[in-house]
Amino acid sequence: MRGKWSVFVVMLVAIGGVSCARDPVAAKRQYVAQGDRYVTEKKYAEAILAYRNALRQDAKFGEARLKLSDTYGASGDFRNALRELVNAADLMPDSVDVQVRAGRALLFSGQYPEAKARAIAALAKDPRNVGALMLLGNALASLKDLDGAIEQVQQAIDQNPQITLGYANLGALYVAKGDREAAEATFKRAVEVAPKSVDAHLSLANFRWATDARDEAEREIKIALQLEPKSATANRALAVLYLSENKANEAEPYLKTYADVTNTVESQLVLADYYAGSRKIAESKRILTKLATEKSGFVPATLRLAVSDFSTGSRAQAYRELEAILKQQPKNAPALETKARFLLVDGKTQEALTLTKALVDANEKSATGHYLHGVALEANGSIDEAISAFQSVLQLTPSAVDAQVQLASLYLRQGNAKGALDLAQQALKAQPQSAGIHFLYAQALLKSNDLPNAERELLGLAKAAANVTDVQVEVQTWLGMLYETRGDLKRARDSYQKASDLAPKATAPFGGLVGIDLDEKKPAAALARVQSRLAASPNDAGLLLIAANVYTAMNDWPKAEASYRKVLELDPANVDAYNKLGAVYLAENRLDEARKSFEDMARRQSKPVAAETMLGLILARQGKREESRKHFERALALDSRAAVAANNLAWDYANYGGNLDMALQLAQTAKSQSPLSPDVSDTLGWIYYKKGLARLAVTTLREAAQQNPTSPDIQYHLGLALLKDGQKVDAKAALQHVLKLNPQFADADEVRRVLAGIES
């Protein structure tokens, strides 16, 4: 039975086709009429099929082309709409209206020469046609022929002085040309010609706003609202004006009217965003919760709800909301990006790394994906890979300020002052009012040894943020470092003192003052200063480290040892304290005694991370590598991010037959915790070298050399990495520098052998 019906339907279609073929003129009209009915019913797919059937009867039927274009446009297929509109214009050369319509569409799509040609064709038929004159003016403006454009738009206005759009276009052209007086006169003329035109008042308001006459702009927008209180454009314009002037409360009624009048998802989201920015969380969530129940509003509203919940502490709920989006749309990029941000804030670095890598793999042209991946890599201590990620962002979006700032900061950390300076300058051009970028720029100048300009920037920041305590503390501390570098100890002391007075508990400026005491050969004054502070804060690890350094400078080894050990009790990840405490034991030849002491500490403490780490270091110095490794492993079992244990175990694995992949993971962990440690950078760079990743090795070892320029070991590793990377000249220089630093270097014979190979 089913087969018979199929045959019957096919026969009917065939009969219809034969009938139409007999009278194609009638058929094409029937199809057009059918298409018109479908359009009325908003059945655009069926209408498109009907109009295309009409064109099968007569491919040159301009009316059908025009209707097909309109229907494509109504269905959102603008590419096909433009194509069919141009076809219709070609088939209807005598229709000025169609030529103008096609020209406007071409103009909108950026095809300016083609738009100009349509305008000329229309004017050939009707030289006084206002639409064609306006089209030609706009096309000429887009082609940068401003004088010609002004002439054409002026002609259009002469033909019909009442067209306010013409005045708006003419005024805009004068603005583009730089003739502000003519522009102002034109916008004012539009208001005179049509005093009740909302568009005329809004055009004048825009001009006033652009020329920074904001009070007059506000007045014109309010006149527009008196003429049409429900004007969506005017309400939004006034709200935006108030928001730009930090008058958030005054913006609210206009945003509400805008949302009520348009009643679109977009306008409701604008209002919700306003409430969120104004800390009216309940009002924002009320709108978003309602929008989330609508099909078109679900994703954007739920995404905002997740951000709101996360920021107010409801983090589990925020993650659930993101998962609701991803359940429907597993590849939704904004939801995935937001989840990555959440993971980074929560310190879930490995999960964030996995997610951001997936984002980049899914879309290599996603600047946001690369940026978030860079942030995750930086958090993981993978500095070189992070730099590569931020460089990718800037390749895709050269003006991305956030990436410029991140990359500049990493370059500073690596000692690449020039690279940091270039990026800081670019960021500053984009955001000249940003205090943070000015500060970054000042740091880059200082690291570039451009002390005069660094001083100018820092003093400018000090003046601009005279009442912002946190900024003043940072700036005065850096000024102290600048003056100390210059050798002006008096001004250095004054700057450190200002910072310390503003933040009495801040360690950096206090350490600067102690350093000045020592520079001036006043150890007793340095000690008195430290003891005074310690009396008030005996368990401040930063202060204890400064005190230990003073005791070391005074050769008071027992007190230095006690201070370093207390630092490690309070801060088991302090690389500097481990190194200096080890130096104390070496200086006094007390490794066995120290080992027994830390073994006792390890037995007494419930989580002896520092004690186990120190035992590993002592045993390593005594050449007991296997025992040393066990203690580092115990420290990491207690704290997986114990930097010193991770760094030393990574070095052990890399040099004594361990797993290089495990060594790399450990070194990256250490780097994430101690990014400024030259020992950590050296370990990571050496592992890159061992794995054959010469370019990464060079980058990381250069950073280590910047962090400690007097280490022959680092120079040796850098020289080998440079050689493997094919940079023979730089490799030779690095290896020669090893012998200058220490002619008795342990591997001096190997250095000479490699140098001889380079020479030959």
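Quick note: the coordinates plus some simple rules give every number you see, no bench work behind them. Everything numeric here is computed off the predicted structure, so don't read it as measured data. Neighbour counts run over all protein chains shown; Cβ positions are idealised from the backbone, glycine included.
Structure values in brief
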read-out: Proximal lysines relative to Lys125, as straight alpha-carbon distance under 19 Å, when same-chain residues fewer than 8 apart are discounted; value: Lys116
read-out: Charge dipole (debye, nearest 20) of segment 664-760; +1 at Cβ of Lys and Arg, -1 at Cβ of Asp and Glu; value: 240 debye
read-out: Unsatisfied cross-links (Cα-Cα over 25 Å) in the set Lys671/Lys691; Lys222/Lys295; Lys256/Lys339; Lys247/Lys339; value: Lys222/Lys295; Lys256/Lys339; Lys247/Lys339
read-out: Separation between Cα centres of segment 587-602 and segment 612-649, rounded to whole Å; value: 15 Å
read-out: Reachable aspartates and glutamates, given that their alpha-carbon falls under 18 Å from the alpha-carbon of Lys490 and they are not under 8 places away in the same chain; value: Glu455, Asp501, Asp517, Asp519, Glu520
read-out: Cα gyration tensor, segment 402-462 - rounded (a/c under 1.5), prolate or oblate; value: oblate
read-out: Whole-number percent relative contact order across the chain, with pairs defined as alpha carbons under 8 Å at least 6 apart; value: 4 percent
read-out: Zero-based 10 Å bins, Cα pair distances in segment 664-760, whole percents; value: 19, 49, 28, 4, 0
read-out: Residue exposure sequence - Met662, Met614 - by fewest surrounding Cβ within 10 Å; value: Met662, Met614
read-out: Distance between modelled label sites at Ala316 and Asn467, nm, 7 Å Cα→Cβ extension; value: 4.4 nm
read-out: Mean separation of Cα contacts under 8 Å, 6 or more apart, over the residue count of segment 522-639: relative contact order %; value: 16 percent
read-out: Alpha carbon centroid spacing (whole Å) that separates segment 353-378 from segment 493-509; value: 40 Å
read-out: Dipole moment magnitude, nearest 20 debye, segment 522-639 about Cα centre, only Lys, Arg, Asp, Glu C-beta charged; value: 100 debye
read-out: Cubic angstrom per residue, convex hull over Cα atoms of segment 493-553; value: 67 Å³
read-out: Cα principal axis extents for segment 365-485, largest first, Å; value: 42, 26, 22
read-out: Kirkwood estimate for the chain, i.e. one over the average of 1/r between Cα atoms, Å; value: 33.0 Å
read-out: Fraction of the pair-distance distribution of segment 491-628 above 22 Å, Cα-Cα pairs, percent; value: 42 percent
read-out: Global geometry of segment 280-367, whether rounded, prolate or oblate, following the gyration tensor of its Cα atoms and the 1.5 cut on a/c; value: oblate
read-out: Those aspartates and glutamates that a straight Cα-Cα span of less than 18 Å connects to Lys280, excepting residues fewer than 8 apart in one chain; value: Glu250, Glu252, Asp309
read-out: Non-local Lys pairs in segment 522-639, i.e. 8 or more apart or on different chains, that have alpha carbons under 29 Å apart; value: 21
read-out: Cα gyration tensor category, rounded, prolate or oblate, for segment 63-113 with a/c compared to 1.5; value: oblate
read-out: Two-site FRET efficiency, Asp126 against Lys365, from Cβ-Cβ distance with R₀ of 51 Å, rounded to 0.05; value: 0.65
